Amino acid sequence: MFQHIILEYRRGLGSEMRGKRSRGQWSAAARLMTLLFAGLAAVLPAAAAKRARTGRGVRTQTGLDVLEAQKFAPLRGKHVGVITNHTGVDAQGRSVIELLAKAPGVRLVAIFSPEHGIAGRADAKIASTMDPARGLPVYSLYGETLRPTDEMLRGIDTLVFDIQDAGVRFYTYTTTMMYCMEEAARRGIAFYVLDRPNPLGGEVVEGPMLDKDKLSFTGHFPLPVRYGLTIGELAQLFNAENKIGCDLQVIAMRNWRRGAYYDQTGLRWIPPSPNLRTLKGAVLYPGLEILQNANVSVGRGTEAPFEQFGAPWTDGEKVAAELNAKRLAGVHFASAQFVPASGLFMGQKCSGVAPRVTDRAAVRSVEMAIEIVTVLRRLYPREFAPARTVLLLGNEATVRMLERGAAPEEIVRNWAADLAVFESMRRKYFLYK
């Protein structure tokens, strides 16, 4: 279209310069404007439709960005403790720690870090330390204690939580948030959550519900594996449904849609933990992670964690072929060879499988994992241990069905009633359309 506009412009301009315009002939300018408007009329609606589909129109503002635009007014006069890590940054890449330390009328008293530490790099227990730039304590909530203590909270009247979540029940940042909310409620401390996107969007809910007798640090409240809420929405759910009753304020995002994946927000992807390096890995993580406890590598210690799985005892080509025969929505399986440099099967050659996401909106990674478990149990009954998936699946009925060889469709149907109840519950806490 625009090539045609340029061509017509050149023709018209040449005609004007030679003085050959006749009474019935348009001027170059008129011809150009007509074609330009026609081109825009054709192109702009299509571009708008594409933006609506992809969510790439307007950049999402996180809760931190919104609070910054408010000049930190809600926190003025407060003595603040901030729970954060390397993901707590604004649109310019400035940390919430730096911003709170300089915010007018705000006194930053202490810093708290979750699993993986303030820099998000550690894969072990972490000791408390000091922030040398500001002389503030950095209390670890993944070391000697998982909850802030009286000593840690001394002199604090407000806690601010700003951490990027993964949207998955067994990702421990949400547990840290709930524990901190409970401790805040006990002491009359206000609790602010600076909301951030769910990387997987806020529409899809899947997986079994966590049994009430299996609550732990990797499963802190009865949720499905993938719950489809932002961390701010989840905080509201915890506060009401778990009867925490803390003085909770959520600083909501602007310009975030429920259907948007992280790369549709305009925000820079920051790996929230050492092994969750890519958005593709984040899409597959809710399903693949449950395999690790059952004697299967999920790519930890390689360049592609959560983008492949396997073991020295598997035949990757055979497993991939079995899975492709199932024609699962949104994913294709290719054989893969890898040698973990650390973790399970360190230094051993694994013959495995790399799931290739072809339509992430259609992928149901937990259901995919059930299909994988079914194949591995049948092909490798001695090496594969389906009972050990219970730690992260958190649902005894699902594990028993896997052990007796129930069809994956039957297992997924067994989740439906619980998920319907959860769906009606979670909608009460929506902050976004």
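Flag set for V250, criterion: assigned to a strand (DSSP E or B), in contact with a Leu (Cβ under 9 Å, 6 or more places away or on another chain) and among the aliphatic types (A, V, I, L, M). Per the listing N255, N242, the residue uniquely surrounded by fewer than 17 Cβ atoms within 10 Å (Cβ to Cβ), touching a Ser or Thr at 6+ places or on another chain (Cβ under 9 Å) and either in contact (Cβ under 8 Å) with a residue 40 or more places away in the chain or under 27 Å from Q92 (Cα atoms) (or both) is N255. Scanning segment 224-236 for residues that are within 21 Å of A417 (Cα to Cα), of a type in the set (K, R) and in contact with a Lys or Arg (Cβ under 8 Å, 6 or more places away or on another chain) turns up at least one hit. If the condition is being without any contact (Cβ under 8 Å) to a residue 12 or more places away in the chain and on the phi > 0 side of the Ramachandran plot, then segment 357-394 contributes no residue at all.
Total residues in segment 107-121 satisfying the condition of being over 15 Å from R277 (Cβ atoms) and either open to solvent by less than 30 Å² (accessible area, probe 1.4 Å) or in contact (Cβ under 8 Å) with a residue 60 or more places away in the chain (or both): the figure is 8. As for segment 394-410, it holds at least one residue that is buried (at least 20 other Cβ atoms within 10 Å of the Cβ), touching an Asp or Glu at 6+ places or on another chain (Cβ under 8 Å) and within 17 Å of V168 (Cα to Cα). Whether any residue in segment 285-303 is touching a His at 6+ places or on another chain (Cβ under 9 Å) and of a type in the set (S, T, Y) is what I want to check. No: zero hits. When segment 258-308 is filtered for residues that are outside any loop (DSSP other than H, G, I, E, B), touching an Asp or Glu at 6+ places or on another chain (Cβ under 9 Å) and touching a residue at least 60 places away in the same chain (Cβ under 8 Å), the ones remaining, listed by number, are L279, K280, L284, P286, G287, L288.
Of everything listed in (1) surrounded by 18 or more Cβ atoms within 10 Å (Cβ to Cβ); (2) touching a residue at least 60 places away in the same chain (Cβ under 8 Å); (3) touching an Asp or Glu at 6+ places or on another chain (Cβ under 9 Å), the single unmet condition for D165 is (3). A185 fulfils the conditions (1) in contact (Cβ under 8 Å) with a residue 24 or more places away in the chain; (2) part of a loop (DSSP other than H, G, I, E, B); (3) surrounded by fewer than 24 Cβ atoms within 10 Å (Cβ to Cβ) except for a single criterion, (2).
To keep it simple, each residue is scored yes or no on (1) hydrophobic (A, V, I, L, M, F, W, C); (2) open to solvent by 10 Å² or more (accessible area, probe 1.4 Å); (3) under 16 Å from V331 (Cβ atoms).
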{"position": "D263", "(1), (2), (3)": "no, yes, no"}
{"position": "P274", "(1), (2), (3)": "no, yes, no"}
{"position": "K280", "(1), (2), (3)": "no, yes, yes"}
{"position": "L284", "(1), (2), (3)": "yes, no, yes"}
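Put simply, of G207, G202 the only residue that is within 30 Å of E410 (Cβ to Cβ) and surrounded by fewer than 24 Cβ atoms within 10 Å (Cβ to Cβ) is G202.
Of the set (1) in contact with a helix residue (DSSP H, G or I) (Cβ under 9 Å, 6 or more places away or on another chain); (2) modelled with pLDDT of 95 or more, all apply to A361 but (1).
Applying the set (1) within 14 Å of L223 (Cβ to Cβ); (2) of a type outside the set (D, E, K, R); (3) touching a residue at least 12 places away in the same chain (Cβ under 8 Å) to A397 leaves exactly one unmet item: (1).
The values are calculated or read from the model by the stated rules, or taken from the named source; none is laboratory data. Keep in mind the model is a prediction, meaning the values are calculated, not measured. Using ideal geometry, Cβ is built from the backbone for each residue, glycine included, and neighbour counts are taken over all protein chains shown. For the accessible areas, the whole protein counts, side chains as well, though only heavy atoms, and no ligand, DNA or RNA atoms are used. Shrake-Rupley method; radii C 1.70, N 1.55, O 1.52, S 1.80 Å.
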